[in-house]
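The values are calculated or read from the model by the stated rules, or taken from the named source; none is laboratory data. These numbers come from a predicted model, not from an experiment. Cβ atoms come from the backbone with ideal geometry, glycine included; neighbour counts cover every protein chain shown. The area values use the complete protein model at the heavy-atom level, side chains included, leaving out ligands, DNA and RNA. Shrake-Rupley method; radii C 1.70, N 1.55, O 1.52, S 1.80 Å.
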Amino acid sequence: MKIFGAIYLLYLAYKIGTSKGTDAQSFSNRYNNIKFGMLLQFVNPKGVIYALSVVAAFITPNFEHFSIQIILITYLALIGFLSSFSWSVFGSIFKKFINQHELAFNIIMALLLVYTAISILFT
C-alpha cells in the first residue's frame with residue numbers, strides 16, 4: 001500500500017506541477033455553486049469513511065442507548081458539516097490569491113506531494 005500510495009502521490013504531483021494556468025475569465029461556473037457542492041458531499045469518500053469508522057469504533061461499542069447514539073451521531077454530523085463548510089469558506093477567501101499566484105502555488109503543492117510520497121516510503 002505504501003508503494004501504491006507513493007506512486008499515486010507522485011502522479012498527482014506531476015499533474016499539478018505540469019498543469020497549465022487557468023484563465024479566471026474563462027472559468028465555467030457550471031459546477032461552481034453551492035447546490036453542486038452540497039450534492040458532492042453525499043459522495044465524499046472521506047466523509048463516509050469518517051462516519052463509518054467513528055460510529056463503529058467509538059459510538060456503538062461504548063453507548064448502548066439508542067437515544068445517546070443518535071445524539072452523538074448528530075453531533076458528529078455537525079462537526080463534519082462545519083469542517084466542510086470551513087473548507088469552502090477558506091477556499092473562497094483564498095481563491096483570488098491562488099489565481100494570482102497559480103504557478104508558484106502549483107509548484108509548492110507539487111513539491112509538498114513529492115515530500116509526502118518520500119516520507120511514506122521511508123517511514
(message) Kindly evaluate residue 89 against the criterion of being of a type in the set (A, V, I, L, M, F, W, C) and in contact (Cβ under 8 Å) with a residue 40 or more places away in the chain.
(response) no
(request) Filter the range 92-120 for residues that are open to solvent by less than 80 Å² (accessible area, probe 1.4 Å) and either closer than 30 Å to residue 56 by Cβ or without any contact (Cβ under 8 Å) to a residue 60 or more places away in the chain (or both) and give the result. (result) 98, 104, 105, 116, 117, 119, 120
